[in-house]
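Below is one structure, written out as structure tokens; comments come after it.
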Amino acid sequence: QVQLVESGGGLVQAGGSLRLSCAASGRTSSTYAMGWFRQAPGKERRFVAAITWTGGTTYYADSVSRFTISRDNAKNTAYLQMNSLTPEDTAVYLCAATEYYGGFYNPDKYAYWGQGTQVTVSS
């Protein structure tokens, strides 16, 4: 089992920045990659970014060129740096972990999920 805890969300004005963190604990040695997803009210969960835990290869959704995913293996933590935020970025942001390669864009590929952190961008 892997436990994930997100932090760093909050209220920010349009044009501002936030850095989200996802701290992993438990059987982290089995983690192949971690991903970030977001879910706005009434909408489906959508892929944002993912990073492989060993090589640090990154994957992004087309719509998030303003975001950067990174990880600190020593701290078992993944980060999502979000810049130039717009009201359309408002959502609950969730991190997830998978033990397998591939399909990082698909939420069904992830076995472990955090509770999410709310990001609200005001205009």
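Which of the residues belonging to region 26-62 are touching a Leu at 6+ places or on another chain (Cβ under 8 Å) and not aliphatic (A, V, I, L, M)? Within region 26-62, 36, 37, 38, 39, 45 qualify. Of all residues in region 92-110, those that are on the phi > 0 side of the Ramachandran plot have Cβ atoms under 8 Å from Cβ atoms of residues that are basic (Lys, Arg), 6 or more apart or on another chain, in 102/109; 103/109.
Would you kindly identify the strands (runs of 3 or more DSSP E) lying entirely within region 3-69 that contain at least 2 residues that are open to solvent by less than 40 Å² (accessible area, probe 1.4 Å)?
Qualifying strands (runs of 3 or more DSSP E): 10-13, 18-26, 33-39, 46-52.
For region 70-108, filtered to residues that are open to solvent by 60 Å² or more (accessible area, probe 1.4 Å) and part of a helix (DSSP H, G or I), the residue that is nearest to residue 122 (Cα to Cα) is 88. Looking across region 6-27, the residues that are more than 16 Å from residue 70 (Cα to Cα) and touching a residue at least 60 places away in the same chain (Cβ under 8 Å) come down to 9, 10, 11, 12, 13, 14, 15, 16. Among the residues of region 109-123, those that are outside any loop (DSSP other than H, G, I, E, B) and surrounded by fewer than 17 Cβ atoms within 10 Å (Cβ to Cβ) comprise 118, 120, 122. Among the residues of region 22-73, those identified as among the aliphatic types (A, V, I, L, M) and more than 17 Å from residue 3 (Cβ to Cβ) are 40, 48, 49, 50, 51, 61, 64, 69.
The values are calculated or read from the model by the stated rules, or taken from the named source; none is laboratory data. Quick caveat, the model's predicted, so the values are computed rather than measured. Reconstructed Cβ throughout: ideal geometry from the backbone, glycine too, with neighbour counts over all protein chains shown. Ligands, DNA and RNA are excluded from the accessible area calculation, which covers all protein heavy atoms including side chains. Shrake-Rupley method; radii C 1.70, N 1.55, O 1.52, S 1.80 Å.
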